[in-house]
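**Student:** Here it is: the structure, laid out below.
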Ligand code: FES
């Protein structure tokens, strides 16, 4: 299934670049081109980033 129609980028390609280290929409765009056209797929790219990163296990800021 295509995530980005403008650049013909499939979901599996987006997931692969996230697994390779892309952590922002910009980094995903640089790696595979997704999200660099009309921008309508950026929400979906964000969802995929969150999905691939899994639950947020970062420590909260200490006061
Ligand atoms: S659908 Fe991805 S930039 Fe247009």
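**Student:** Sort out which residues of the stretch 18-31 are without any contact (Cβ under 8 Å) to a residue 24 or more places away in the chain and either within 10 Å of the ligand (Cβ to nearest atom) or surrounded by 19 or more Cβ atoms within 10 Å (Cβ to Cβ) (or both), and write them in order of number.
**Tutor:** Those that are without any contact (Cβ under 8 Å) to a residue 24 or more places away in the chain and either within 10 Å of the ligand (Cβ to nearest atom) or surrounded by 19 or more Cβ atoms within 10 Å (Cβ to Cβ) (or both): 28, 29.
**Student:** Being in a loop (DSSP other than H, G, I, E, B) and on the phi < 0 side of the Ramachandran plot is the filter here; which residues of the stretch 8-38 pass it?
**Tutor:** If the condition is that a residue be in a loop (DSSP other than H, G, I, E, B) and on the phi < 0 side of the Ramachandran plot, then 20, 22, 23, 24, 34, 36, 37, 38 are the ones that fit.
**Student:** Does at least one position in the stretch 1-17 carry a residue that is over 8 Å from the mean Cα position of the chain (by Cα), more than 15 Å from the ligand (Cβ to nearest atom) and either at pLDDT 95 or above or surrounded by fewer than 19 Cβ atoms within 10 Å (Cβ to Cβ) (or both)?
**Tutor:** yes
Yes or no, residue by residue, for (1) part of a loop (DSSP other than H, G, I, E, B); (2) surrounded by fewer than 17 Cβ atoms within 10 Å (Cβ to Cβ); (3) at pLDDT 95 or above:
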| position | (1), (2), (3) |
| --- | --- |
| 40 | yes, yes, yes |
| 46 | no, yes, yes |
| 50 | no, yes, yes |
| 57 | yes, yes, no |
| 61 | yes, yes, no |
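The values are calculated or read from the model by the stated rules, or taken from the named source; none is laboratory data. Quick caveat, the model's predicted, so the values are computed rather than measured. Note that we place each Cβ from the backbone using ideal geometry, even for glycine, and neighbour counts take in every protein chain shown.
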